[in-house]
1. For the residue pair A:T24 and A:I176, what label-to-label distance in nm results when each label sits 7 Å from Cα along the Cα-to-beta-carbon direction?
2. With point charges of +1 on the Cβ of Lys and Arg and -1 on the Cβ of Asp and Glu, referenced to the Cα centre of chain B, which listed residue (B:G324, B:M299, B:A13) lies farthest in the positive direction of the dipole?
3. Strictly over 23 Å apart at the Cα level, which of B:K167/B:K522; B:K249/B:K333; B:K291/B:K522; B:K249/B:K326; A:K2/B:K173 would you flag in this model?
4. Just grab the label-to-label distance for A:D236 and B:R408, each label 7 Å out from Cα along the Cβ direction, in nm (one decimal).
5. Could you tell me which residue out of A:S106, A:L194, A:P131 lies farthest along the dipole of chain A toward its positive end? Charges go on the beta carbon: Lys and Arg +1, Asp and Glu -1, centred on the Cα centre.
6. Hey, what D do you get for chain B in µm²/s if you plug the Kirkwood alpha-carbon radius into Stokes-Einstein at 20 °C and 1.002 mPa s?
7. Given springs between every Cα pair under 10 Å in a Gaussian network model of chain A, which of A:T196, A:T26, A:T164 has the largest fluctuation?
8. Using a cut-off of 9 Å between beta-carbons, work out the net charge of the residues near A:E150 (Lys and Arg +1, Asp and Glu -1, A:E150 not included).
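The values are calculated or read from the model by the stated rules, or taken from the named source; none is laboratory data. These numbers come from a predicted model, not from an experiment. A quick note on method: Cβ atoms are made from the backbone with ideal geometry, for glycine too, and the neighbour counts reach across all protein chains shown. In case anyone asks, the SASA skips ligands and DNA or RNA and just uses the protein heavy atoms, side chains included. Shrake-Rupley method; radii C 1.70, N 1.55, O 1.52, S 1.80 Å.
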Amino acid sequence: MKIHTYEKLWLVASLVLIVGFIATITYGSVALGITMVGDEEPTIEPDEISDDERFGEPRVEQVGENEYEAYVIAQTFIFQPETIEVPADSEVTFYVTSRDVIHSFSVVGTNTNTMVIPGEISTLTVEFDEPDEYGIVCNEYCGDFHHTMEGQLHVVPEDEFDMTELAVEADDEVEIDDDATFEVAVENRQLEALETTVALEIGDETLEEDVTVDSQMTEETTFTVDSADLGEGDHDWTVTVDDYEESGTLTVAEDLEDEDGNEDGDEGDGGDDGDNETDEEGDTDE
Amino acid sequence: MSNTFVDAYPKQARIIRQAFLTSFIALAIGAFFGLIQALHRTNILRAIESPTYYTVLTGHGVFLVITFTIFFLVGVYQWAVTESLERGPVDMRFTWGWYGLMLTGTMLAAFAILAGFTDAIDVSADVLFTFYAPLQGHPIFYIGLVVFVVGTWLAGADWFRTWLAWKGENPGKRIPLPTFMVLTTMIMWYISSIGVAVAILAFILPWSIGIVESINPTLTRTLFWYFGHPVVYFWLLPAYLMWYILLPKLSGGRLFSDPLARVVFILFILLSTPVGIHHQYLDPGIAEGFKYIAMTNTMFLLLPSLLTAFTVVASMEHGARQRGGKGYFGWLKALPWREPAFTGMALAGMVFAFGGFTGIVNAGMNINYLVHNSLWVPGHIHTQVGTAVALTFMAGSYWLIPQLTGNRLVGRGIALFQVVLWFVGIVIMTNAMYRGGLIGMPRRTAEPEYEGFNYEVAAGSVGELNAQVALGGTLLFVSTMIFLALMILTLFNGESEPIDNRTIPAPLSGPEDSPPVLDNLKLWVAIAAVLVVLAYVIPLASIVSRGGLFGPDIGPFPVFVEPVSLLIETVLVSIGW
């Protein structure tokens, strides 16, 4: 076959270029560790997602000192959880699956990007060095409101990150001279034990108690306040644990029975008299 | 006395005109939809509700990359076969038969798509050109696609039949280059379109009718991309044919090398198909190793395009020197820049070279994660099929339509303006798309700006990017309309002088310089089959063993039943969206 000299040179140069491209890409994957989504995870039926230990409750879990796992569901037209919060300087593995059609889980402006196919679980391990806030979008057309499907990824400074949950159960009303009780539950979903102080402010009083909550445990603290010290009327109260806050109002009355026929001294357990039950997720809301 | 194609082959000219007519109607509708999208997603003019955007987008994709391109392909290929074998098909009724099938298929799919605009008919197919299950369109949409593809298969069979008849009359002769290009393209098409045929016939169609309950979305998606990458070469190769056959002649010279042209087309048979997984770098359920293999194959697919760049530029230089061009680069001035057919193809080639490099970025699997499904990708598509192919087709039409009608081209100066306008429009639109993609703006969305975050634009602003997309899109629409107006005027033009001579000069280095093995099509089919088996058997087996043939109980998500979308709307409103 007759090939012109220039053509031969061009052919050789082209092959060198191609091999060069392949070499740089290979270097990126092998030496720099830029890996792709693979087939490590077994399949999952979309109907079984709700019963799955990971996806039943979409969330972030701590699995190592600076290692976290995020279980995320994409469905028309939302991500669950809608906001994912992780600490800076951590390594997060995302497990993402779909409840219905093909979506994507794409952290805007980054290479954290995967297709989400029903039946499959996408896994991506990402290192977050600096605090930042990112948008998450679905970039695969998934139906007529595809353009509304978005979420958030907050990488917060390490010292501001925790996985604490605060829940307070308190009386709404007590008869004067009875004790008002505040049951405070502090849950710690991090691996390290949480040492903190639970504080209750009511009227002029401040009650404090130091607690240590072990990993994956919930510690309960009960504050008792003598309503006689508060006096008759409405009293605002606040329970604080680190950055978390719960508040409500306690009514101290002369004679409760006259007002609504309730038993006096009701502890409020399982009561139907509107216990002030609150529960705040681990998300900070700054 | 003119010597045009229509004088020599009036019957063949008639069917080619018909194919071009169908192609141009699709171009008109697709371009109009493109304009709506460019103005909608940039929030400049919203003539439709955002959910309707996806009906428009489906139409834009299907009408342009299936109907416009492939009807043009069959027209050009019928011309190339007839001209180079110097004979018509064995039986013209068969030829009209495949054209009729392609048209029927198009009408069915078009009906399913366009019915999405009205609630009066309970039919729609807002599933986009890729129709990823479990999104489900109306069965008519899938039936239409299948009928269309069968039509193209028969077109290929017709050209093979014509060639075999010619071979009988011309024993021992080398296959003429244009026919060689047609046959190799069709071999590639047969190998690759099996993927989409299996995806539709075995899985998606029975599932859309309700015969089977569940589907394996990874499997149908993989079968789609088995076809989805070669289909881009199915759009591109008719443009290549025109660059190899027409462009050297238009430059005033002849093709540099016939043997290299054959090698290029053989490389496309071999390498077009075993690369489809490079569209699935981000898919779960496919091992990284298969993705790596697809990446290396894809990189080697650069070779035929790099060889084409050499041959085409060398042919142009040869032509320019024949016209008196001098110097290292001075010859560029001697090219016929006032000729719209030449200038259009040359500009298309330039854009293609640029788009090729963005394609390398896409092919690089680790960089792909940054741009996958971002606006970068339609930027790439619009430089490639939207310009390398579309602009070459339009420019080629300025030369071909007079040959097919016997009518002189109307408005040569306007035609020159039209191709330059396209070039300007595409540069403006795609540069903004590429940049938008790099900041993470998604493709395929009615509203790329979100409530919860803002894009971080290094230079410029989102408003400026939007303005460029809208402006570029508008220029492209205007350019398309000018092109179509000139085509209509030429069709009804009574004048027949002057029309370029239709003879194609012989290449500088002819087929005698290449070994006859290049023409051994069976050999290339066999090697291509081996490569396809190597690249696909294990991934497909793995996908089936993971999710089963019909998937892990994945039901449909119909986008054609109106109540479902109403329900979703209600739910969305109730949860405060």
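1. 8.3 nm
2. Selected residue: B:G324.
3. On the way: B:K167/B:K522 15 Å; B:K249/B:K333 17 Å; B:K291/B:K522 29 Å; B:K249/B:K326 19 Å; A:K2/B:K173 19 Å.
Where the Cα-Cα span goes over 23 Å, the pairs concerned are B:K291/B:K522.
4. With each label placed 7 Å out from Cα toward Cβ, I get 9.0 nm.
5. A:S106
6. On the way: Rh = 24.6 Å.
Translational D for this selection: 87 µm²/s.
7. A:T26
8. Numbers: positive: none; negative: A:E82, B:E451.
That sum, taken over residues with Cβ under 9 Å, equals -2.
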